[in-house]
Number of protein chains: 2
Amino acid sequence: MKPQILKGTRDFLPEQVYKRNYIFDIIKSVFQKYGYLPIETPVMEHLSTLTGKYGEEGDKLLFKLLNNGDFLAKANKDALAANDSVGLIPSISKRGLRYDLTVPFARFVVMHQNDISFPFKRYQIQPVWRADRPQKGRYQEFYQCDVDVVGSDSLLYEAELIQIYDEVFSHLGLNVTIKVNNRKILKGIADEAGLSDQWVDMTVAIDKLDKIGEEGVRKEMEGKGFTSNAIDKVFSLLATEKLEDLNFTNESGKKGKEELLAIHDFLDESKLKNKVKFDMTLARGLGYYTGFIVEVSADDAVMGSIGGGGRYDDLTGSFGMKDMSGVGVSFGAERIYDVMEELDLFPTDVTQSTQIILLSFDKKCLEHAAKIAFKLRAANIATEVYPSAVKMKKQMKYANDRGIPYVIVIGSEEMENGIYKLKNMTSGDQQSLSMDDLLLKLQ
Amino acid sequence: MKPQILKGTRDFLPEQVYKRNYIFDIIKSVFQKYGYLPIETPVMEHLSTLTGKYGEEGDKLLFKLLNNGDFLAKANKDALAANDSVGLIPSISKRGLRYDLTVPFARFVVMHQNDISFPFKRYQIQPVWRADRPQKGRYQEFYQCDVDVVGSDSLLYEAELIQIYDEVFSHLGLNVTIKVNNRKILKGIADEAGLSDQWVDMTVAIDKLDKIGEEGVRKEMEGKGFTSNAIDKVFSLLATEKLEDLNFTNESGKKGKEELLAIHDFLDESKLKNKVKFDMTLARGLGYYTGFIVEVSADDAVMGSIGGGGRYDDLTGSFGMKDMSGVGVSFGAERIYDVMEELDLFPTDVTQSTQIILLSFDKKCLEHAAKIAFKLRAANIATEVYPSAVKMKKQMKYANDRGIPYVIVIGSEEMENGIYKLKNMTSGDQQSLSMDDLLLKLQ
């Protein structure tokens, strides 16, 4: 049988695990510095928890688990007779794989509301599954990395999340632009242009500005029946560069502007290492966001957004818990990895674990090497022993292939006088050291 | 809709995540000190990779994913007509959830044989899924934690894995007994007693000694048709306490004894913190082990084994790669967690993340608090800001509930003179400090 891996899934070799953990560890350390707490939810959820939360398309992309045992015994006979796959699902599948981290988080908050303190600041870094057609850079199994706070509408948290973005990306060595906007400003533009009832269509059109340009967006708006007056008004407002210069006569616009200014007051923008840019054309698709929205892009690479998020008014409503306002952002860990590879930003020692390997000339030397290794490890030095006294060339090849920086060869001389020749594999230098000096040198 | 979680699955609250990571981090750090490398494999595997690897019972316990789209279109009509659930599966499901980490590891080794160096030392800590009936302490989704080396038959690795057990458990503060045996010794006993052809039945019976006692085992052996002479011979050999006193006239027994002695020579047992005990009755079920076997139990708690493993001769044969000998052990992370809770072994600060929280009397104070927090975090101090200037009692309650050790209340005085009263929430003591002194104190 030829071993195969499913399309859209990946094995991670040690080097990749080290690099991925390098990213995750930096992200986690910043989250923790801001008081966010880790939670984990199961990979499997009730299908009824997931279905209907991601639109019709999302329902199709959910991975569903076949009930165990004699599932056909309880299968919907009508659906079977009609060859209705979709209709059959509820009767033969009650479990699904997590599709994102937001719905499980909402379920978690409602179920554990008496065990947690509000505002509840949590982060969660776990894989999710989507039955999308696999292609380059798009996987069926991939990690999401979310940080949210629920149970407060304070704009302090918006400022905190911007700081978190700034700090994580500067730790990673990535220059980024953090674009911010507010859904209420988009609503305000629509109100100002007399498009209150069509503000969603307007937002969808504006969202495409990056891709199809002003002309394309104008065409789309015309197609939706917007008057040319209204369209001109929209674009004249969008042309305003500074938030301060934006004057609204409607409540939504005023409120959106006020909120962004308040966030600004909480931030010491001069102390941030990356640019925060007010971008009125930022729309973040048709998500559930109701206020602040944010998106991050890498300055030095051609890549979509590597992070984004915003404020939502009603995280937990579908689970019967009302008025839970929250704000959160996510890190596009898979894309961040790709950008960091492209820009060669991983530290060279990130994949290096073992510091020294002991090789040996014969069986007695090997036993001696095992004892030496014991002492080195007791001093917290990551140590390997080549497991058999085969040809020295073969042992050296292993040391080289593994990229281990130091080698000691144990022979009868070393066993007798307790002086070891430490070979630096990069420079080729050798140094003769007693056990004590060896420990000092490597610690 | 009332939120629910699937039976047999769990949410992990922040405290639980911290405690679980405490265990995993210690285990990982020891693995790395011995030169083992992390790998990760996907949650989803081809069902054909998993099926047939865990026996008939295992096949039933595999979680199977329904094919997406119109799966009925390709469903096996005969199986449908016959209401044959098991027969239908291959035509409507091509993916399954990982059942253990061993089969994915074998697949990984074969697929990546040109990317890795042999002997390949790897560890893997990931969840697995089994459709067992959920009950106390038994989950459908749980973590496994495996460390293996493949591509060498050197007994040095047996010694290394014993050292790893010893080191991990002493770091965790658990006293354990590490029982070792060798399958070849069991085979040798069978040969010695004239039970060569029935050695599997003999092993199965001996494996139950713990549970049903000598009398029970004798009865089971009688039931299998063993002569009373043979049974007496088995028990007289099992009564030998010291490995050195065990004299075999057959090859298998001699080899098993020789191997255990060689492992002993690689180990400095006097330097281990836990007992290593030779236990001839240790059988480790009917697994694929062919040589050394090991099992760990906690001395101070009533709990099954919290770790075990052994050597296998043919990890990758079913994927077409022959003669890959390996040895590995696993840590029963879920049980270790339970024992550590029972014995109260988690450090008290393991769940503490945020060091200080800033509370404020009004909106201006809150903005000031945000700036102070910026400075504290820049000095790597984990800091929270209560997000609104509500009643002080409510703010204090949050600080208390979250178990945050230090509090500063920002009022107009603090803003004016830059002196902050740092309150120790455990002792109740207050200390007035400048920003610089505050940083010194908390760093």
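If I fit a long axis through the Cα atoms of helix B:102-111 and take the longest principal axis of the Cα atoms of chain B, what angle between them do I get, 0 to 90°, rounded to 10?
Value to nearest ten degrees: 90.
Averaged over peptide A:78-85, how many Cβ atoms belonging to another chain are found within 10 Å of each residue's Cβ? Can you show the working numbers first?
Values: counts 0, 1, 4, 0, 1, 5, 2, 10.
Partner Cβ neighbours, averaged per residue: 3.
So which residue, out of A:Asn76, A:Asn417, A:Asn247, gets the largest mean-square fluctuation from a GNM of chain A using Cα contacts under 10 Å as springs?
Maximum fluctuation in the GNM of chain A, among the listed residues, is at A:Asn417.
For chain A, find the longest principal axis of its Cα atoms and tell me its angle to the long axis of helix A:209-223, 0 to 90°, nearest 10.
For A:209-223 against chain A, the angle is about 20 degrees.
Roughly how large is the A-B contact in terms of buried accessible area, totalled over both chains, probe 1.4 Å, nearest 100 Å²?
Numbers: alone 23760 and 23700 Å², together 38140 Å².
Adding both sides of the contact gives about 9300 Å².
As a check on your grasp of the helix formula, calculate [θ] at 222 nm for the protein assembly as shown: sum -39500 (n - 2.57) over DSSP H runs of n ≥ 4, divide by the residue count, round to the nearest 500. List each step's numbers first, then the result.
Details: 34 runs with 362 residues, N = 886.
Calculated from helices alone, the mean residue ellipticity at 222 nm is -12000 deg cm²/dmol.
With a 1.4 Å probe and every protein chain left in place, tell me how much accessible area A:Met1 has, in Å² to the nearest 10.
Solvent-accessible area, nearest 10 Å²: 100 Å².
Mind checking the angle between helix A:228-238 and chain A's longest principal axis? C-alpha axes, 0 to 90 degrees, to the nearest 10.
40 degrees
Could you give, in nm with one decimal, how far B:Lys7 is from each other copy of that position, shortest first, with labels 7 Å out from Cα toward Cβ?
Copy-to-copy label distances for B:Lys7: 3.8 nm.
Go through B:432-443, B:168-179, B:27-38, A:157-168 and give me the packing order, highest mean Cβ count within 10 Å leading.
Details: B:432-443: 14.2, B:168-179: 19.2, B:27-38: 21.5, A:157-168: 24.8.
Packing order, densest peptide first, comes out as A:157-168, B:27-38, B:168-179, B:432-443.
Could I have the simple spin-label model distance between A:Ala378 and B:Leu343, label points 7 Å from Cα toward Cβ, reported in nm to one decimal?
Between A:Ala378 and B:Leu343, the simple spin-label model gives 2.2 nm.
Gain in length, B:Thr227 to B:Ser270, computed as 0.36 nm per residue apart minus the alpha-carbon separation, to one decimal in nm? If you can, show how the numbers build up before the last one.
Details: separation 43, 0.36 × 43 = 15.48 nm, distance 4.21 nm.
Extra length from B:Thr227 to B:Ser270 when fully extended: 11.3 nm.
Of B:Ala106, B:Ser91, B:Pro119, which is farthest on the positive side of the dipole of the stretch B:60-121, counting Cα position, with +1 on Lys and Arg Cβ, -1 on Asp and Glu Cβ, and the Cα centre as origin?
B:Pro119
From the Cα gyration tensor of the protein assembly as shown, with a ≥ b ≥ c the square roots of its eigenvalues, which class applies: rounded if a/c is under 1.5, or else prolate if a/b is larger than b/c, or else oblate?
Details: a/c = 2.07, a/b = 1.52, b/c = 1.36.
Here the protein assembly as shown falls in the prolate category.
Over all residues in B:48-56, what is the mean tally of Cβ atoms on other chains that come within 10 Å of each residue's Cβ?
Working: counts 2, 5, 0, 0, 1, 0, 0, 0, 0.
Mean inter-chain Cβ contacts per residue within 10 Å come to 1.
May I ask which residue of A:Pro134, A:Ala301, B:Tyr157 lies farthest towards the positive end of the charge dipole of the protein assembly as shown, with charges of +1 (Lys, Arg) and -1 (Asp, Glu) on Cβ and the Cα centre as origin?
With unit charges placed on the Cβ atoms, the residue in question is A:Pro134.
What is the percent carbon and sulfur in the accessible area of the stretch A:356-442, measuring with a 1.4 Å probe over the protein chains and ignoring ligands?
Details: 2130 of 4220 Å².
For the stretch A:356-442, the apolar C and S fraction of the accessible surface comes to 51 percent.
Rolling a 1.4 Å sphere over the protein heavy atoms, what is the accessible area per residue of the stretch B:356-442, to the nearest Å²?
On the way: 4200 Å² over 87 residues.
That works out to 48 Å² per residue.
Suppose every K and R has +1 on its Cβ and every D and E has -1 on its Cβ; what is the size of the dipole of the protein assembly as shown about the Cα centre, in Debye to the nearest 20? Don't skip to the end; give the middle numbers.
Numbers: 114 positive and 130 negative charges, 203 e Å.
Taking the Cα centre of the protein assembly as shown as origin, the dipole is about 980 debye.
Please compute, for peptide B:264-271, the average count of beta-carbon atoms on other protein chains lying within 10 Å of each residue's beta-carbon.
On the way: counts 0, 5, 9, 4, 4, 0, 0, 4.
Mean partner-chain Cβ count within 10 Å for B:264-271: 3.
Indicate the gyration tensor shape class of the stretch A:356-442 (rounded, prolate or oblate), computed on the Cα atoms with a ≥ b ≥ c the square roots of the eigenvalues: a/c under 1.5 is rounded; otherwise a/b larger than b/c is prolate and the rest oblate.
Numbers: a/c = 1.34, a/b = 1.07, b/c = 1.25.
Because its axes are fairly even, with a/c under 1.5, the stretch A:356-442 counts as rounded.
Distances in nm, one decimal, shortest first, from B:Lys254 to the same residue in every other copy, taking the label point 7 angstrom along Cα→Cβ.
Here the equivalent label points are 9.9 nm apart from this one.
Explain nothing, just the number: dipole magnitude of chain B about its Cα centre with +1 on each Lys and Arg Cβ and -1 on each Asp and Glu Cβ, in debye rounded to the nearest 20.
Numbers: 57 positive and 65 negative charges, 368 e Å.
Taking the Cα centre of chain B as origin, the dipole is about 1760 debye.
Out of the total accessible area of the stretch A:66-146 (probe 1.4 Å, heavy atoms of protein only), what percent is carbon and sulfur? Don't skip to the answer; put the middle values down first.
Details: 1530 of 3350 Å².
Of all accessible area on the stretch A:66-146, carbon and sulfur atoms account for 46 percent.
Give me the percent relative contact order of chain B, please, defined on Cα pairs under 8 angstrom at least 6 residues apart.
Details: 699 pairs, mean separation 63.0, N = 443.
Contact order relative to length: 14 percent.
Could you give, in nm with one decimal, how far A:Ala301 is from each other copy of that position, shortest first, with labels 7 Å out from Cα toward Cβ?
From this label point to the equivalent ones elsewhere in the assembly: 4.2 nm.
Report the charge-dipole magnitude of the stretch A:356-442 in Debye, nearest 20, computed about the Cα centre from +1 at each Lys and Arg Cβ and -1 at each Asp and Glu Cβ. Display every interim value, and only then the final one.
Values: 13 positive and 10 negative charges, 72 e Å.
Taking the Cα centre of the stretch A:356-442 as origin, the dipole is about 340 debye.
Place +1 on the Cβ of every Lys and Arg and -1 on the Cβ of every Asp and Glu in the stretch A:356-442, take the dipole about the Cα centre, and give the residue among A:Gln395, A:Phe361, A:Gln431 whose Cα lies farthest towards its positive end.
A:Gln395
Points 7 angstrom from Cα along the Cβ direction at B:Ala239 and B:Ser117: gap in nanometres?
5.2 nm
Based on the mean of other Cβ atoms within 10 Å per residue, sort peptides B:113-121, B:77-85, B:139-147 so the most packed one is first. Intermediate values should be presented prior to the final figure.
Details: B:113-121: 17.2, B:77-85: 13.9, B:139-147: 20.3.
Listed from highest to lowest mean packing, they are B:139-147, B:113-121, B:77-85.
The values are calculated or read from the model by the stated rules, or taken from the named source; none is laboratory data. It should be emphasised that the depicted structure is a prediction, and the values quoted were computed from it without experimental measurement. When we count neighbours, we look across all protein chains shown, and the Cβ atoms used for this are built from the backbone with ideal geometry, even at glycine. Side chains are part of the model used for accessible areas, which takes the heavy atoms of the whole protein and leaves out ligands, DNA and RNA. Shrake-Rupley method; radii C 1.70, N 1.55, O 1.52, S 1.80 Å.
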